[in-house]
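> Take this structure first; my questions come after.
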Amino acid sequence: MPIRIIVIEDHPLMLKAITDVFVNQPRIQVVGTATHGSELPRLVRELSPDVVILDLGMSTGKFEPITAVHSILQDYPHLRILVLTGYNEEIYIRKIVEAGALGYVLKNDDLSMALPKGVERVFEGKHFYSDEVSEILYSTSKSDDLLNQQELVVLKLAAQGLSNAGIAIEMNVSEKRVRNLLTTIYTKLELRDSETINVRIAAINKARELNLLPND
């Protein structure tokens with residue numbers, strides 16, 4: 001059974017471009033569209049979609065996207081929201097993710113690749129972010145922290161036994177980015193690989209000693 005999606009986008013040409021992406025995607029079916037966010041509750045109620053692709057730039061007196069996402073997920077907790085927007089400001093990103101959106105894709109991405117992959121990942125209950133968005137979400141404003149948030153996420157996933165490729169999939173970043181982050185972690189923790197020390201395990205153990213990771 002295909003993943004049922006609705007698309008809400010206020011620019012007709014952009015709406016057509018989005019729906020065209022899924023024409024040759026047999027696993028994904030567009031079951032409804034709208035050009036105004038106020039249609040969201042009705043479409044969800046009548047069409048029972050699995051995923052909603054929602055434009056973030058439709059704030060009006062009757063529709064505010066962040067509030068709408070929070071509200072619709074309270075009524076339909078199994079619904080998945082993927083935001084598609086041109087806004088890359090941190091405040092919008094963090095607020096919409098906190099409201100419950102699992103995906104955040106920027107319109108300057110290659111949508112033919114990002115949207116099908118994003119829909120499938122959020123349908124599975126996983127996060128999907130544009131690279132630029134991931135950088136913002138995993139960054140930290142505390143410059144005196146030993147490891148920043150993205151580095152901690154990498155180390156936490158490594159502690160769960162995930163490979164570099166597995167970590168890259170979970171974080172929606174490239175495997176090269178994961179390797180670079182691990183190298184930075186080892187440097188910050190003053191660790192080096194050797195014949196007698198597995199630097200990956202040493203980093204996990206040291207992070208636990210420093211209370212950066214839980215002692216599972």
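> Would you confirm whether any residue within the range 24-36 is part of a loop (DSSP other than H, G, I, E, B), farther than 19 Å from residue 117 by Cβ and out of contact with any Pro (no Cβ under 6 Å at 6 or more places or on another chain)?
Yes, the conditions are met somewhere in the range 24-36.
Okay, residues lined up against (1) under 15 Å from residue 207 (Cβ atoms); (2) surrounded by fewer than 20 Cβ atoms within 10 Å (Cβ to Cβ); (3) over 15 Å from the mean Cα position of the chain (by Cα):
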residue	(1), (2), (3)
95	no, yes, no
108	no, yes, yes
124	no, yes, no
130	no, no, no
133	no, no, no
177	no, yes, yes
188	yes, yes, yes
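> Look through 146, 102, 137 and report the one residue that is touching a Phe, Trp or Tyr at 6+ places or on another chain (Cβ under 8 Å) and modelled with pLDDT under 90.
Values: 146 fails: touching a Phe, Trp or Tyr at 6+ places or on another chain (Cβ under 8 Å); 102 fails: modelled with pLDDT under 90.
Step by step, each of 146, 102, 137 is checked, and only 137 is touching a Phe, Trp or Tyr at 6+ places or on another chain (Cβ under 8 Å) and modelled with pLDDT under 90.
> Now, a different point. Which condition from (1) out of contact with any Pro (no Cβ under 8 Å at 6 or more places or on another chain); (2) in a helix (DSSP H, G or I) is the one that residue 88 breaks?
Residue 88 satisfies every listed condition except (2).
> OK, next. Could you list, in sequence order, all residues of the range 112-122 that are surrounded by fewer than 18 Cβ atoms within 10 Å (Cβ to Cβ), in contact (Cβ under 8 Å) with a residue 60 or more places away in the chain and either under 19 Å from residue 8 (Cβ atoms) or out of contact with any helix residue (DSSP H, G or I) (no Cβ under 8 Å at 6 or more places or on another chain) (or both)?
Of all residues in the range 112-122, those surrounded by fewer than 18 Cβ atoms within 10 Å (Cβ to Cβ) come to 112-113, 116-117, 120.
Applying the additional criterion that residues be in contact (Cβ under 8 Å) with a residue 60 or more places away in the chain yields 112, 116, 120.
Of everything in the range 112-122, those that are surrounded by fewer than 18 Cβ atoms within 10 Å (Cβ to Cβ), in contact (Cβ under 8 Å) with a residue 60 or more places away in the chain and either under 19 Å from residue 8 (Cβ atoms) or out of contact with any helix residue (DSSP H, G or I) (no Cβ under 8 Å at 6 or more places or on another chain) (or both) turn out to be 116, 120.
The values are calculated or read from the model by the stated rules, or taken from the named source; none is laboratory data. What you see is a predicted model; the values in this text were computed from it and never measured. Glycine gets a Cβ as well: all are built from the backbone with ideal geometry, and neighbour counts include every protein chain shown.
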